[in-house]
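K.L.:
Here's a structure for you.
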Amino acid sequence: MMDDVFEIGGKKISSRLIIGTGKYPSDAMIPAVCEASGAQVITVALRRVDFASETDNVMKNIPEHVTLLPNTSGARTADEAVRIARLARAAGCGDWIKIEVISDQRYLLPDNLETTRATEILTKEGFQVFPYMNPDLMDARRMVDAGAVAVMPLGAPIGTNRGLQTREMIQILIDEIALPIIVDAGIGKPSQACEAMEMGAAACMINTAIASSHDPIVMGGAFGGAVRAGRAAYCAGLGASGTFASASSPLTGFLGQGA
C-alpha cells in the first residue's frame, strides 16, 4: 500500500480523495480541511472565482501544493462547457477540467450526450478531461473513446447525501471500463465512501457531505480515513462470503472431547 500511487492526468498523487470548495461556512477553513483529509486535488466552479478581487476569492484559500480541478458548473450545453474550460486555462488554472453539463434544474442530472461532445472537443485541445456523468456503460465507453482520462459517475443526485443509489451501475463501470472510475456526487457518509473504494473505485469526490457537516475539518479527516481504508481493503482482497456458517477454529477435539 505504501507504493499505491494514483497516476492520472499526467500526475502522481497519493490521496484518492478529491474535495470541493462549495457550501463551507467560510472559505477560510478550506486549507484546514485539505490538511485533515489529506486531499491533494480540489475542484472549484470557475463561475465562483473572481480573479479581480483581492479579498472575496476562493482561489486564495486553496493551498499551493493542491492540484486544481476547475469544473464547468453552470454549463447547460457542450458549447458552454467548452467556453468555461478555455476561460479556466486562460486564467492560469491549468489543463485539468471537470466537465459538468446540466440542463435539468430539478434533479441536476448530467447530460451525457453533451458531456461526451465537450469531452471530445477539449481533449483535442490538450485538456485532461474528467467528465461527470450518469452511470451508463455505453455512454462511459463513448467518453473513453472521446479521450477522457477518467469517468465520474454520480452515486446519487448532487448534494443529496443519499449514498450509493447507483451502486450496481457503478460496479458495472468499474468492471468494464479501463479508465479510473471516480465516484462523484451523492455520497453522504464516510462509510459510503469506504464502500465505493472497496468496490474498486479509483477515487471519491466529496463536497456537500464535508462542507455541510457540523465540523467540516473533522469530517474531512473522517472521509480521508474512510477512503484509505476502502482502498486498502480492495487491494488486500475482500474475504469470501457464503450462505452457511464457517468456524474460524476447528470444532472437533474441544478439551479432548469429540465433536
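The values are calculated or read from the model by the stated rules, or taken from the named source; none is laboratory data. Just so it is clear, the model here is predicted, and its values are computed rather than measured. Here the Cβ is made from the backbone with ideal geometry for all residues, glycine too, and neighbour counts use every protein chain on show. Ligands, DNA and RNA are excluded from the accessible area calculation, which covers all protein heavy atoms including side chains. Shrake-Rupley method; radii C 1.70, N 1.55, O 1.52, S 1.80 Å.
K.L.:
What are the ³J(HN,Hα) values, in whole Hz, obtained from phi via the Karplus relation 6.51 cos²θ - 1.76 cosθ + 1.60 with θ = phi - 60°, for each residue of segment 79-95 in sequence order, with x given for Gly and Pro?
P.N.:
Each residue of segment 79-95 in turn: 4, 5, 4, 4, 4, 5, 4, 5, 5, 4, 5, 5, 7, x, 8, x, 9 Hz.
K.L.:
For segment 110-259, what does the accessible surface come to per residue with a 1.4 Å probe? Please give it in Å².
P.N.:
That works out to 48 Å² per residue.
K.L.:
Assuming R0 = 45 Å, can you tell me the calculated FRET efficiency for the pair residue 168 and residue 57, based on Cβ-Cβ distance, to the nearest 0.05?
P.N.:
E(calc), rounded to 0.05, equals 0.60.
K.L.:
Looking at the chain as a GNM with Cα springs under 10 Å, which of 191, 212, 241 has the largest mean-square fluctuation?
P.N.:
241
K.L.:
Here is a follow-up. Connecting C-alpha atoms closer than 10 Å in a GNM of the chain, tell me which of 238, 109, 68 has the biggest fluctuation.
P.N.:
In this elastic network of the chain, the residue with the biggest mean-square fluctuation among 238, 109, 68 is 238.
K.L.:
Something else now. When the helices in the chain are scored as -39500 (n - 2.57) per DSSP H run of 4 or longer and the sum is shared across all residues, what 222 nm value do you end up with, to the nearest 500 deg cm²/dmol?
P.N.:
Numbers: 8 runs with 89 residues, N = 259.
Per the formula, -10500 deg cm²/dmol.
K.L.:
Per-residue HN-Hα couplings for segment 13-26, Karplus 6.51 cos²θ - 1.76 cosθ + 1.60 at θ = phi - 60°, whole Hz, x for Gly and Pro?
P.N.:
Result, ordered by residue: 10, 9, 8, 9, 10, 10, 10, x, 10, x, 6, 6, x, 8 Hz.
K.L.:
On a 0 to 90 degree scale, rounded to 10, what angle separates helix 137-146 from the longest Cα axis of the chain?
P.N.:
Tilt of helix 137-146: around 50 degrees.
K.L.:
Right, next: Of 234, 24, which has the most accessible area and how do the rest follow, probe 1.4 Å?
P.N.:
If we order 234, 24 from most to least accessible, we get 234, 24.
K.L.:
Tell me the label only: which of (1) 153; (2) 186; (3) 140 is volume of the Cα convex hull per residue in Å³ as calculated from this structure?
P.N.:
Identified label for the calculated read-out: (1).
K.L.:
Could you tell me which of rounded, prolate or oblate describes segment 12-149, using a ≥ b ≥ c as the square roots of the eigenvalues of the alpha-carbon gyration tensor, with rounded for a/c under 1.5 and, failing that, prolate when a/b is larger than b/c and oblate otherwise?
P.N.:
It comes out prolate by the Cα gyration axes.
K.L.:
Tally the DSSP beta bridges in the chain and give the antiparallel ones as a percent, rounded to 5.
P.N.:
10 percent
K.L.:
Roughly how many percent of the accessible protein surface of the chain is carbon and sulfur, given a 1.4 Å probe and a whole-percent answer?
P.N.:
51 percent
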